[in-house]
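Chemist: Quick one: the structure is below, and I'll ask about it shortly.
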């Protein structure tokens with residue numbers, strides 16, 4: 001049984017973590033496989049949206065503690081490659097050029113939570129729990145959480161979440177800005193599919209350019225950002241989707257975007 005399942009349909013690359021008995025915990029081979037899949041999807045022109053979810057009742061329990069314990073027992077804890085592999089994966093998700101969605105079907109813990117935070121959107125079933133899992137183990141965030149959290153929920157809320165290390169419900173996470181939507185279990189599949197389908201059928205070229213602008217905005221002055229917006233606008237204006245949007249507007253019909 002593969003630790004990672006991939007489904008490609010309708011412009012959507014769905015990556016399912018598939019170690020349900022281990023609550024989809026991340027070991028080194030799994031991290032490497034995930035990174036390879038996401039790197040491939042990033043350059044696949046047929047992919048217009050990336051989805052990451054978990055099998056079974058949990059999203060992801062974070063680092064594989066059995067692998068961690070083995071590494072500690074044989075003296076390779078600092079060299080067995082987990083941190084390096086996790087960092088490569090998180091960088092691949094954050095830099096994924098097209099929209100990305102974490103479908104959080106259960107508990108998201110530690111690096112599993114960081115993986116969800118690395119996506120553009122997080123859709124959580126209302127029974128999901130969000131747990132940092134670091135300071136309670138006398139440890140610090142190690143898979144990007146210290147960078148991602150304050151940008152989503154603010155520095156003070158990030159300190160509260162990390163220092164006290166108490167589980168947050170999906171509803172609390174939504175109120176703090178950690179997740180995009182908290183959805184009732186009965187509606188979860190239908191609502192997530194609707195959300196993802198809308199992204200995948202949208203003007204993907206414009207999504208890519210908009211994502212680039214947002215990522216660059218933190219390092220630029222206002223005047224520098226305006227120049228980037230001008231260039232991105234020129235490039236979008238030459239796209240097939242822009243022509244389709246104009247024609248659809250003239251003909252008073254919904255646009256049928258091709259993503260180019």
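All of the numbers you see were taken from the coordinates with simple rules; none came from a lab. Being a predicted model, the structure only gives us computed values, none of them experimental. Cβ sites come from the backbone with ideal geometry, for glycine too, and all protein chains shown count toward neighbours.
Chemist: Take the chain, connect every pair of alpha-carbon atoms lying under 10 Å apart with a spring to form a Gaussian network, then pick out the residue of 153, 52, 196 with the largest mean-square fluctuation.
Modeler: Comparing 153, 52, 196 in a Gaussian network model of the chain, the most mobile one is 153.
Chemist: Sum -39500 (n - 2.57) across every DSSP H segment of at least 4 residues in the chain, then divide by the residue count to get the 222 nm mean residue ellipticity, nearest 500.
Modeler: Working: 11 runs with 129 residues, N = 260.
Roughly -15500 deg cm²/dmol at 222 nm, from the helical runs in the chain.
Chemist: What angle do you read, to the nearest 10 degrees and between 0 and 90, between the alpha-carbon axis of helix 28-43 and the longest principal axis of the chain?
Modeler: So the helix axis and the longest Cα principal axis differ by about 0 degrees.
Chemist: Could you check the spin-label model distance between residue 223 and residue 57? Points 7 Å from the Cα along Cα→Cβ, value in nm.
Modeler: 6.0 nm
Chemist: Among rounded, prolate and oblate, which fits the stretch 66-140 when a ≥ b ≥ c are the square roots of the eigenvalues of its C-alpha gyration tensor, a/c under 1.5 means rounded, and a/b larger than b/c means prolate?
Modeler: Here the stretch 66-140 falls in the oblate category.
Chemist: A further question on this structure: Quick one: grab the alpha carbon gyration tensor of the stretch 96-135, order the square roots of its eigenvalues as a ≥ b ≥ c, and give me rounded if a/c is under 1.5, else prolate or oblate depending on whether a/b is larger than b/c. Can you show the working numbers first?
Modeler: Working: a/c = 3.56, a/b = 1.36, b/c = 2.61.
Oblate shape, in that a/c is at least 1.5 and b/c is the bigger or equal ratio.
Chemist: Would you please calculate the Kirkwood hydrodynamic radius of the stretch 1-139 over all C-alpha pairs and express it in Å, rounded to one decimal?
Modeler: Kirkwood hydrodynamic radius for the stretch 1-139: 15.1 Å.
Chemist: Next up: Most mobile of 102, 248, 63 per a Gaussian network model of the chain (Cα springs, under 10 Å)?
Modeler: Maximum among the listed residues: 248.
Chemist: For the chain, set up a Gaussian network in which alpha carbons nearer than 10 Å are linked by springs, and say which option among 59, 222, 188 fluctuates the most.
Modeler: Top of the fluctuation ranking is 222.
Chemist: Treating the angle as unsigned and between 0 and 90°, give the value, to the nearest 10°, between the Cα long axis of helix 155-164 and the longest Cα principal axis of the chain.
Modeler: That works out to roughly 30 degrees.
Chemist: Kirkwood Rh and Cα-based Rg: tell me the resulting Rg over Rh for the stretch 22-91, rounded to two decimals.
Modeler: 1.04
Chemist: Here's another thing I want to ask about it. Can you tell me the length gained on complete extension of the stretch residue 197 to residue 43, counting 0.36 nm per residue apart and subtracting the Cα distance?
Modeler: On the way: separation 154, 0.36 × 154 = 55.44 nm, distance 1.99 nm.
The span from residue 197 to residue 43 would gain 53.5 nm if fully extended.
Chemist: Give the share of C-alpha pairs in each 10 angstrom bin for the chain, from 0 to the last occupied bin, in whole percents, shortest bins first.
Modeler: Reading upward from the zero bin: 7, 28, 34, 21, 8, 2, 0.
Chemist: On C-alpha positions alone, give me the angle between the axis of helix 82-94 and the longest principal axis of the chain, in degrees, nearest 10.
Modeler: Result, in degrees: 20.
Chemist: Oh, and also: Please list, short to long, the whole-number percent of alpha-carbon pairs of the stretch 136-176 in consecutive 10 angstrom bins beginning at zero.
Modeler: 27, 61, 11
Chemist: Now, a different point. Based on alpha-carbon centroids, what's the gap between the stretch 124-176 and the stretch 55-114 in Å, whole number please?
Modeler: First find each Cα centre; the distance between them is then 15 Å.
Chemist: Looking at the square roots a ≥ b ≥ c of the eigenvalues of the Cα gyration tensor of the stretch 181-260, which shape do they give, rounded for a/c under 1.5, prolate if a/b is larger than b/c, or oblate?
Modeler: Working: a/c = 3.21, a/b = 1.29, b/c = 2.49.
In terms of gyration-tensor shape, oblate.
Chemist: Using the Kirkwood radius over Cα pairs, work out the Stokes-Einstein diffusion coefficient for the stretch 204-251 at 25 °C and 0.890 mPa s, in µm²/s as a whole number.
Modeler: Once the numbers are plugged in, D ends up at 212 µm²/s.
Chemist: Take every DSSP beta bridge whose two residues both sit in the stretch 4-200, then give the antiparallel share in percent to the nearest 5.
Modeler: 30 percent
Chemist: Simple spin-label model, 7 Å along Cα-to-Cβ: residue 258 to residue 76 in nm?
Modeler: 5.0 nm
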